[in-house]
Amino acid sequence: MFKNKSYIGISFVILIFGIYAVPKIVNRIKNDEVVKGNRLDNVGLKNSKDAKLLTIGPAPKFELTNQDNVKISNETYKGKVYVLEFFFTTCPSICPKMNMSMLEIEKTFFGNPNFGIVSITIDPGHDTPQVLKDHAKLLGVKSSTWNFLTGDKATIMDLSNKGFNLYAGENSKVSGGFEHSGLFALIDKDGNIRCRKDEFGNPNIYYDGLDKKGVRDIQQDIKILLEE
């Protein structure tokens, strides 16, 4: 008897819901609004708004020597969008993965004169212009706007740690003798560091060059900056 009353109660609730909801559903179908509920509209607007990249501030200035013994500075990339990293050629750990990520980025934007890449060695004592030239050839670099840079060690370490706040340092206890960040910086045509927001609305200042999502994100954002 109790079960019968429960079934009757549930049936009554379903009936009331149907009387209320069905006309609204039918009306949406007639007006081609099946996928345009308020929640979906809000999500769409939020994503569109969040797609705008944040401006962190001017990238630190630099002037270093590339693989062809040519001086390269911020001014070289004026009017271009570029990605910047710190690495070293004998790195046995994360650099090979970073190299592959940069090659993927190079391939995506190859031939675009408004895009470039900057790879700065943190081991300038070993990574001379000729060593960097050989390294670029070994990687199969094709872009004329991808510069591998070397110079004064103290200047480079300051640029990495104090300028970009991307950790780099010597450590005799680790393989290769150096350790550093695997992050990429994205700089716009005006020389500003740009980035996207995380899921909480905070700036993700740099992009993870060791992660597929990080590489995909920076490629998407490069496209945005190239269109600005």
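What the table shows:
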item	result
Number of the exception - Ser175 against (1) surrounded by fewer than 19 Cβ atoms within 10 Å (Cβ to Cβ); (2) under 20 Å from the mean Cα position of the chain (by Cα); (3) in contact (Cβ under 8 Å) with a residue 60 or more places away in the chain	(2)
The range 178-206, residues that are within 14 Å of the chain's Cα centre (by Cα) and basic (Lys, Arg)	Arg194, Arg196, Lys197
Selection from the range 79-88 of residues that are outside any strand (DSSP E or B) and either more than 20 Å from Val174 (Cα to Cα) or out of contact with any strand residue (DSSP E or B) (no Cβ under 7 Å at 6 or more places or on another chain) (or both)	Gly79, Lys80
Residue that is modelled with the lowest pLDDT, among those in the range 41-78 that are open to solvent by 100 Å² or more (accessible area, probe 1.4 Å) and outside any strand (DSSP E or B)	Leu45
Residue satisfying all of: in the range 89-111; open to solvent by less than 40 Å² (accessible area, probe 1.4 Å) and assigned to a loop (DSSP other than H, G, I, E, B); nearest to Phe148 (Cα to Cα) among these	Thr89
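Residues checked against (1) touching a Gly at 6+ places or on another chain (Cβ under 9 Å); (2) in a loop (DSSP other than H, G, I, E, B); (3) outside the structural domain of Lys107 (by the TED database):
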site	(1), (2), (3)
Asn161	yes, no, no
Asn165	no, yes, no
Gly169	no, no, no
Ser172	no, yes, no
Gly176	no, yes, no
Glu179	yes, no, no
Phe184	yes, no, no
Ile193	yes, no, no
Ile218	yes, no, no
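The values are calculated or read from the model by the stated rules, or taken from the named source; none is laboratory data. All figures in this text were calculated on a predicted structure; none of them were measured in a lab. For neighbour counting, all protein chains shown are included, and Cβ atoms are generated from backbone atoms with ideal geometry for every residue, glycine included. The protein model used for the area step is the full one, side chains on, heavy atoms only, and it has no ligands, DNA or RNA in it. Shrake-Rupley method; radii C 1.70, N 1.55, O 1.52, S 1.80 Å.
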